[in-house]
Structure formats: C-alpha cells, structure tokens
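This report refers to the structure that appears directly beneath it.
The values are calculated or read from the model by the stated rules, or taken from the named source; none is laboratory data. The model shown is predicted, which means the values in this text are computed figures rather than measured ones. Don't worry about glycine lacking a Cβ; one is built from the backbone with ideal geometry, like all the others, and counts go over all protein chains shown. For the accessible areas, the whole protein counts, side chains as well, though only heavy atoms, and no ligand, DNA or RNA atoms are used. Shrake-Rupley method; radii C 1.70, N 1.55, O 1.52, S 1.80 Å.
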Amino acid sequence: MRLLIKNGRVIDPSSRTDETLDILIDKGKIVEVKPKIEADDAQLVDASRLVVAPGFIDMHAHLREPGQEDKEDIGTASLAAAKGGFTSICAMPNTQPVNDNRGVTEYILSEAKKRALVTIFPIAAITKNLEGEELTDMADLASAGVRAFSDDGKCIQNSLVMRRALEYSNFLQTVIIDHCEDSNLSQEGLMHEGFCSHLFGLNGIPSAAEDIMVARDIILTEAARSRIHIAHLSTRGAVYLVREAKRRKIRVTAEATPHHLILSDSALENYSTNLKVNPPLRGQEDVRALVEAIQEGVVDVLATDHAPHTVEEKAVEFDRAPFGIDGLETAVSLLLDRLVNKNIVPLSRFIEMISSKPAQILGLKDKGRLGVGADADLTILNLHKEIVVDVQEFCSKSRNNPFHGWKLKGAPVMTIVAGRIVYPS
Ligand SMILES: [Zn+2]
C-alpha cells in the first residue's frame, strides 16, 4: 500500500529542509519528496497546516519487560510511544532478568516484532546484573543487534571497569549511555540537596553526585578516544563540563528530559511521589542552565526517561516510593508548549534533538531523516492543537505523571512507522 502525505510543512533538519512538500511512501520507504506529487493508487493523508517531521526517537525508556509487566510491557509501551509521536524507542536493560546477555536481547527483539507498533532498540547492560563489576559479553550483544550499552538506574563506581567499557564500546562502534551518579554521595537522598530539601525535611542528593561522574567519564572517554552519551543531564555543573568537553572536541553527547527542563525542586512542596525522580528535579539555576544548554547545542538530545510504576507503588510515603516519571505520552506536547511555542527553541532545532540527533548517535542511517531511501518513519505535529493531560487516558499501564491536568498547546497527531499509520489507529 502506497501512502501520499500532501501539503505538509516538511521539516528535515538533516537536509535543512523547511518547506511545503508532498512525501510518497512505498514498501516502508520514502520514495519521493517534492511539491505536488500525483499518485492515484496511494492512500492520501492531508497534512495541510501540519508539520511533517522525521519519526521521533526516544533514546531512553524503561519498558519493564521481561519481569515487571504489572508496570508496563513491550506492547503497552509501544502504544504509548505511538500516541506520543515516537516511531522508535530504546529499551533500557534494568529488567528482570537484566538484559545482560543475548537471550534477553533476542527475547525483546522477537516480542517487539510480534507485539510492538514502533521499532524497539534494546540497550544492553554494561556490567553483569548491573552490579558494576564484571563486563557483559559486549561483542556478543553487539552482534545480537545492540547499538548502545548502559547500566542506567545505576552508575559504575569502579573507574577501571568504566575505562574498559569505553574501550570495548569504541572497538565495537557502539555507544555508552551513562547514568552519572556517585552513589556514596547520593546515598539515601530523595530529592535535590538545597534550600528546598532542608525546608521539606527530605534527604538531599547533591549536584556533586552527578558532576563528579560526568567529569570522570569525560576524562575516561578522552583517554580511551571513545565516545559517550550522558543520560538525563540535570545540573548546572554538568552542563559546564559537557560544554568544555565539546569545546575540546571530546566525543561527548548529552540528553535532557522534559521534566528537568520544566520543573524545579520547589514543586515537591506537596510531597507528590509522581515528582520523585532520579536524577532529582534540581534548582531553578540548574533548569535555566539546562535550557541555555539546549539553545547553545551543548545538549544534543531530548529523551523521556519513561519510567512507569504502578499506582500502588507510588501511593506510599515519599521516602518509600520508587523513582520515576511515566513520560512517553506527554513529552512532545510539553516540549512544544514550553520550548517551541514560547520561542525558546526553534521548531527545527527541537525536531533535530528528538529525531536526527538520536539517529546519528545510535548509528541509524535510515532513520531521523526524510530523504528518498530513508525508512518511512514520520511524526506529524499540530502546533496549534490544545490538549489537557489526562493520565486516565494513557495507553501506558502506569499513571505516574506529574503533568496531569496541565493545558498544553501543540501535539503529535499522526505517527507512521515503516509506512504504516500506527497512530491514530
Ligand atoms: Zn538513569
């Protein structure tokens, strides 16, 4: 079945395109991009007054399968992704069992083929069982289709193990996605350490816990002549370190999440467990630094850190609740409303950070662009559509999202994966 997308404002940052064009899709690929294409046999999509972008790629999501299907599974995460405008999502390895071997990677890939509407890229663990001690068989995992390694949720404390991981990863042409946290400093922390943590009487996680590991891993990356991607950057200090590293041409990239760009630690005054997240919501100066980092290009990627938990798990005292925000279905509208529609970040830059940059970092040559021959993965946006976030309407199994009730302007309205419309269904 051929698909013809007519009259959309086509924005493709990889070719600096921003004009009204038609796109013809055949057999899962883009076959023609130009003004006024005629194709009588094709299914028509009228994209007038809409923005047509390369399919959005979320580099950072927790799908919870295998092992924690009460929170989420591959099918529901993929539905949430499709509704949220994502055509590809990366699955973090802190599942049960951990994705630290070929068996789990192959399970995720084969289940995704059967049940997922979007493309799923499994990220494998750097160390066995995420224990930070013994490296996984990274070569075997890479040959099974893994493009990135991460111990996300935990941070490797042993610098020698991290050094070896960076060396192997470079050899395998993969990338390390780094959750930066010195666990001796973060300890029993529940929120950002600062004025608000003292006011609310909650144990703090100091910025230094993140900054120290960002600094260490930039140093190790330079020494190993490798590359690294810093997950969920959250502090002013880390922004400074990444900026300096880039200036010195060290191969470091970084991502930021919508919640770290929009919320600060003062929001925790009501002790809502849906705001408990790691790294924690930081101070206002950190939020400002992060937004500036996006404007400057110090932050490369926007990612959700989708971390679903059941209602029961979050409905406990603040100190007992797990860390995490369910984010796939709100990320794009939050970023369009708060960054693009308020003219803080240009639309083409936003699209670059959520499609072409992630594709580049993951080495996905046929994704993140709208040229002829590329995969027909597309996200269509309506910049004027107004929505009210309602967690009861989520496709995700979980509801732990702090933006419930927020009115936002701008939303994904159609998601196309390999030439197939997966949202709306
Ligand atoms: Zn993390």
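Below are the figures for this structure:
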read-out	value
Estimated dipole of region 251-299 in Debye, rounded to 20 [Cβ of Lys and Arg +1, of Asp and Glu -1, Cα centre]	160 debye
Global form of region 85-199, assessed from the alpha-carbon gyration tensor, a/c cut-off 1.5	oblate
Cα-based Rg / Dmax (Å) for region 201-310	14.2, 46
Neighbour-limited loop hits for GluC sites (Glu not before Pro), region 86-152 (at most 13 other Cβ within 10 Å; DSSP other than H, G, I, E, B)	133, 134
Loop-resident sites, region 1-76, for GluC sites (Glu not before Pro), counting at most 13 other Cβ within 10 Å (DSSP)	38
Rounded to the nearest 20 debye, dipole of region 354-425 from Cβ charges on Lys, Arg, Asp, Glu	140 debye
Rounded to the nearest 20 debye, dipole of region 178-286 from Cβ charges on Lys, Arg, Asp, Glu	680 debye
GNM top mover of 337, 70, 300 - the chain, alpha-carbon springs below 10 Å	70
Length released on extending from residue 342 to residue 295, taking residue separation times 0.36 nm less the Cα-Cα span	15.6 nm
Trypsin sites (Lys or Arg not before Pro) within region 306-348: DSSP coil, no more than 14 neighbouring Cβ in 10 Å	342
Amide H contacts under 5 Å for residue 205, placed H, 5+ residues apart	190, 191, 192, 193
Region 45-99 - percent of accessible surface contributed by carbon and sulfur, probe 1.4 Å	51 percent
C-alpha center-to-center spacing [region 214-254, region 1-42] in angstrom	37 Å
Accessible area per residue in Å² at 1.4 Å probe, computed on region 274-425	37 Å²
Principal axis dimensions, largest first and in whole angstrom, of the chain by Cα	64, 46, 43
Length released on extending from residue 407 to residue 284, taking residue separation times 0.36 nm less the Cα-Cα span	42.1 nm
Convex hull per residue volume in Å³, alpha carbons only, for region 297-360	120 Å³
Leading residue at positive end of dipole, the chain (Cβ point charges), from 235, 44, 268	44
Near-label residues of region 1-17 by backbone N, under 12 Å of a point 7 Å along Cα→Cβ of residue 44	4-7
Directionally averaged projected area (convex hull, Cα atoms, region 296-425), nm²	9.6 nm²
Cα→Cβ-extended label distance, 7 Å offset, between residue 70 and residue 167, nm	4.4 nm
Pairwise centroid distance, computed over Cα atoms, of region 123-177 with region 53-96, Å	20 Å
Where labels lie 7 Å past Cα in the beta-carbon direction, separation of residue 16 and residue 157 in nm	4.9 nm
Part-to-part distance (alpha-carbon centres) for region 273-344 and region 178-196, which is given in Å	16 Å
Residue among 260, 404, 60 with the largest mean-square fluctuation in a Gaussian network model of the chain, springs linking Cα atoms under 10 Å	404
Residue-normalised accessible area of region 27-116, given per residue in Å² at a 1.4 Å probe	39 Å²
Calculated log₁₀ intensity ratio I(q)/I(0) where the Debye formula runs over C-alpha points of region 1-143, q = 0.09, 0.11 Å⁻¹	-0.39, -0.55
Cα-based reach from residue 314 at 12 Å (exclusive), listing aspartates and glutamates while leaving out same-chain residues under 8 positions away	326
Modelled FRET efficiency - R0 51 Å, residue 387 with residue 32, Cβ distances, 0.05 increments	0.95
Protein accessible area in region 131-215, 1.4 Å probe - carbon and sulfur %	47 percent
DSSP beta bridge pairing in region 1-81, given as percent antiparallel to the nearest 5	70 percent
Partner lysines for residue 83 [C-alpha distance under 22 Å; skip if fewer than 8 residues away on the same chain]	6, 29, 71, 113, 114, 357, 367, 385, 397, 407, 409
With every protein chain in place, region 260-309: carbon and sulfur % of accessible area (1.4 Å)	40 percent
